[in-house]
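Below is one structure; the comments refer to it alone.
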Amino acid sequence: MESTAKISRLSRGWQITKSSWRVLKLDKELAALPLVSFTIQLLALVPFVLVAIALRANNQLNNWRDFAFTLALYFVLALITNFFAGAVIFGATQRFRGENPTISSSLAGAWRKFGPLAAFSLMMATIGLALRMLEDRVPFAGRIAVDLLGAAWSIANVFALPVIVLSEGSVAPFDATKQSVHTIKQIWGESIVVNLGIGFVSGLAVLGYILIWAIIAAVPFMLPIAAPGAPGFSIPGAVFIPVVLLAVGGFIALIAVLSVLSSIAKAALYHYATSGQAPEAFNAELLRTSMTPKKARKVF
């Protein structure tokens, strides 16, 4: 019986993923947002790396300065991630409402909530860093408890970004978390990640991509093309570098698409939960069965 339930959840998750893909095909420009987010994050890392090198070279790091520096890094990366994820959620919701989202309209939707997104990112960065520091200072059993606490905290904030971006007024960070938990308690008692299915599908996609490139990388070494007496086959740099760049670029693009699909699915579920209407690309019965009536109070 349990196996059947798992298969059913997996099937629903796959259907939600396909529905999210249909939305993405209508608004392909949304896939550019995670790529922009990734690029900005890389650029944002540069000054942090330079400052860290300078501080360590001058022996100016101490516990509090190290904490402040790490918190600032966590905050900047979290803000960039949440801002662009919020833009995708806003753009997807525009599509659900019959509008035609663009990159500009999606970014504008997130920009109008920049303050609440920054406050929420600071909260998430602070709590995330605190949990990490706590995990490093407790014994093994304590680490398990901290991991469980971190998982529960992540689940509690599943709908926090839609709450912030789609609310009429400004929503404080903890209020966003409370509204997210309220939504979960109302409509969703099973494992959110399992019901969405995005995590599982994403894992399979990433694994498949890695396996494909691993096979491609192994093929040249399996062919008898090395010259007699040569120590072995070597790939010219003119071939190796473009192939590596292609593989890395493809991986980044894959992660970007999976990120967009996750945000679209989250936006669809939140839209259905708050309005009672299923987005056009999604099956209402599918969303209803994904949102089981079981209580979530065992978690929260």
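Which length gain, in nm to one decimal place, applies between residue 11 and residue 143 when the Cα-Cα distance is subtracted from 0.36 nm times their residue separation? Could you put the intermediate results ahead of the total?
On the way: separation 132, 0.36 × 132 = 47.52 nm, distance 3.34 nm.
Once the chain is fully extended between residue 11 and residue 143, it gains 44.2 nm.
If the chain linking residue 105 and residue 284 were pulled fully straight, counting 0.36 nm for each residue of separation and taking away their Cα-Cα distance, it would gain 61.8 nm.
What whole-number distance in Å separates the alpha-carbon centres of region 121-190 and region 21-71? Cα centroid to Cα centroid, the span is 21 Å. The stretch between residue 275 and residue 133 holds 47.1 nm of extra length on full extension. This uses 0.36 nm per residue minus the Cα-Cα distance.
Here each label is just a point 7 Å from Cα along the line to Cβ, and for residue 51 and residue 215 those points are 4.7 nm apart. Remark: spin-label model distance residue 170-residue 126 equals 1.6 nm, labels positioned 7 Å along the Cα→Cβ axis.
In terms of the mean number of neighbouring beta-carbon atoms within 10 Å, the peptides 261-271, 130-140, 247-257 order highest first as 261-271, 247-257, 130-140.
Every number here is computed from the coordinates shown, using simple stated rules; none is lab data. Predicted model only: the values in this text are computed from it and were never measured. Virtual Cβ from ideal backbone geometry, glycine too; neighbours counted across all protein chains shown.
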